[in-house]
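Structure record follows, encoded as structure tokens.
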Amino acid sequence: MTMRPLINRSPLPGMGLSAGITLTMLSLVVLLPIGALLLKGATAGLPALWTEVNTPRIWGSLALSFRLSLIAALINLVFGLLLAWVLVRYRFPGRKLLDAAVDLPFALPTAVAGIALTALYAPNGAFGAIAKSFGVKIAYTQWGILLALIFVGLPFVTRTVQPVVEEIEREVEEASATLGASRFYTLRRVVLPMLAPAAMTGFALSLARAVGEYGSVIFIAGNIPLKTEIAPLLIVIKLEEFNYTGATAIGIAMLLISFAMLLVINALQVLSRRRIGYV
Amino acid sequence: MSDTHLRFRPVATEPAPVRAALILTSVAFLAVLLFAPLIVVFVEALRDGAIAAVASLANPEAASAIRLTLIVAALAVPLNAVFGISAAWFITKYDFRGKALLITMIDLPFSVSPVVAGLCLVLTFGANTALGGWLVGHGYPVVFALPSIVLASMFVTFPFVARELIPVMIEQGRAEEEAALTLGASGWRIFFTVTLPNIRWALLYGVLLCNARAMGEFGAVAVVSGKIRGQTATMPITIEMLYNEYLSVAAFSLAAVLALLALVTLTLKTLLEWRFADQLAASHHR
């Protein structure tokens, strides 16, 4: 058996130039900085990093960030599937407007979203006042953080699932119906498994985005230690205190946990593909 | 016998009441979560009238923030476009080992928190690091200055153009470029007369998204910029400062400018999806 060659000669010119620009910029903008974070962690040493991370305030913020991000991603999974289905399969006035609007969280700067959501859901805001009359406080509580995280993660599942819904052949659903399956049974046993891998990808992207989110959350969160303080905010606080080791420790912890989550979800995706095949 | 029994009832859709309920749920969800905050930005900006809103944009702090944001975008977006084109050319025109790893590396910024990205840049170029100290010693401060803001904006938007171009260029294959080569065209000629016309709409699409994100980036810039008024405060950073000083109209007026930019971006993006769907990555087909 021969090894695949490192590079297959191609007659097209520009390989050296394009490879050079790609690798140089990738190294300078992404790899060198991430390497600097890991190097800083390595020189500080595991015990020092552990001492920095191992405080109730930091564990509290990490747990809060991941718990709320998970809930937000699950809510986005459900509504993302619903939106993808409605936007592809149904015809109604305003459909194209809704379809275009789904991408708003990608285009609207997070700081703008943050102050807008706060203005809306603060006790004196339009929706906040309604909630207040029911005795519920949204802004400056964990509900507010959850709301901001749902906002930033909203487009992911819809946008990954939509193309798959378009590809589904109606004959499959008709076959299921002719064999006596109810509509709900067809959706659950025929359609949903086809959407699952794309939905999981969207879920993972939504989760990764929510875990790292800062701009839209800090305005609405209230930022009370142990209650509404998210992990990225603690990095900013540590940096303002010139505690670089502390900031590095939280940064590395966040990197590791989000990579671990992506790995788990990728594994789930591979499993579901093995069971139902590629769609 | 009434003819309702004979009417065709499609089996591959849900009953009408279910459809109506699902549509209403979707509309309500988006109205509360997307449309309401968007409207609030403009309502709050115009609270004291249009004149007060425009006047707040003309004050030196806001004006300098707008200028800085434009400069940052004018540097970060073209640089990322050059990167995106190079990466897409390299990845789609040649076969080499480690291609999947390279694509993963390019996608890396999507799974890194912007705040962590900012932290990484501070640890690389900060005045108390080896590289940063050397640069400051030679009169080129990076952190708390323009270069770090550009680098931070580039980090968070790094994959946008490449991700848009790679699927399109894979779909188009290499035959046209190879044909041009056999006809004796030079590398640059092939790129400008064969490749670029094929990818221009996808490139514009990627640049649009890259620009919107670069102008609106908050977390990464907040960490590296030092938030120096009139010097390193971009529009999103200035919005935060004004908001924290309870200057609501000024904060929301600046926010309204960015919201308008977002609306223009979405409109252009949607037009591209309708008009040039066949020349964009397949996932954007509508």
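The values are calculated or read from the model by the stated rules, or taken from the named source; none is laboratory data. Just so it is clear, the structure is predicted and the values come from calculations on it, not from any experiment. Heads up, the Cβs are rebuilt from the backbone with ideal geometry, glycines too, and the neighbour counts pull from every protein chain shown.
In table form, for the structure just shown:
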| quantity | calculated |
| --- | --- |
| Entirely in segment A:181-248, the helices (runs of 4 or more DSSP H) that have 3 or more residues that are under 14 Å from the mean Cα position of the chain (by Cα) | A:192-212 |
| Those residues of segment A:129-167 which are not in a helix (DSSP H, G or I) and not small (Gly, Ala, Ser), in sequence order | A:Phe134, A:Val136, A:Lys137, A:Ile138, A:Tyr140, A:Thr141 |
| Any chance A:Ile75 is modelled with pLDDT of 95 or more and within 20 Å of the chain's Cα centre (by Cα) | yes |
| Residue list for segment A:211-223, filter: in contact (Cβ under 8 Å) with a residue 60 or more places away in the chain and more than 10 Å from chain B (Cβ to nearest Cβ) | A:Ile220, A:Ala221, A:Gly222 |
| Pairs where the first residue, in segment A:182-198, is under 13 Å from A:Ile168 (Cβ atoms) and the second is part of a helix (DSSP H, G or I) and among the aromatic types (Phe, Trp, Tyr), C-beta under 9 Å, 6+ apart | A:Leu187/A:Trp85; A:Val191/A:Trp85; A:Leu195/A:Trp85 |
| Condition broken by B:Thr195, with the remaining ones in (1) surrounded by 19 or more Cβ atoms within 10 Å (Cβ to Cβ); (2) under 21 Å from the mean Cα position of the chain (by Cα); (3) more than 8 Å from chain A (Cβ to nearest Cβ) satisfied | (2) |
| Residue within segment B:57-80 that is touching a residue at least 24 places away in the same chain (Cβ under 8 Å), under 23 Å from A:Met15 (Cβ atoms) and within 13 Å of chain A (Cβ to nearest Cβ) present | yes |
| Enumeration of residues in segment A:75-117 that are more than 7 Å from chain B (Cβ to nearest Cβ), of a type outside the set (A, V, I, L, M) and outside any helix (DSSP H, G or I) | A:Arg91, A:Pro93, A:Gly94 |
| Qualifying position, being on the phi > 0 side of the Ramachandran plot and within 28 Å of the chain's Cα centre (by Cα), among A:Gly80, A:Gly35, A:Gly94 | A:Gly94 |
| Qualifying residue in segment B:94-101 (condition: over 20 Å from A:Leu205 (Cβ atoms), buried (at least 18 other Cβ atoms within 10 Å of the Cβ) and either within 12 Å of chain A (Cβ to nearest Cβ) or within 19 Å of the chain's Cα centre (by Cα) (or both)) | yes |
| Residues within segment A:158-192 that are within 9 Å of chain B (Cβ to nearest Cβ) and closer than 23 Å to A:Asp103 by Cα, tallied | 5 |
| Matching residues in segment A:118-128 - criterion: being part of a helix (DSSP H, G or I) and either of a type in the set (A, V, I, L, M, F, W, C) or within 12 Å of A:Ala221 (Cα to Cα) (or both) | A:Thr118, A:Ala119, A:Leu120, A:Tyr121, A:Ala126, A:Phe127 |
| Only one of B:Ala222, B:Ala250 that is over 20 Å from B:Phe155 (Cβ atoms) and either buried (at least 19 other Cβ atoms within 10 Å of the Cβ) or not aromatic (Phe, Trp, Tyr) (or both) | B:Ala250 |
| Some residue of segment B:251-258 being hydroxyl-bearing (Ser, Thr, Tyr) and within 10 Å of another protein chain (Cβ to nearest Cβ) | no |
| One residue from A:Ala126, A:Ala72 being at the interface with chain B (Cβ under 9 Å from one of its Cβ atoms) and in contact with a helix residue (DSSP H, G or I) (Cβ under 8 Å, 6 or more places away or on another chain) | A:Ala126 |
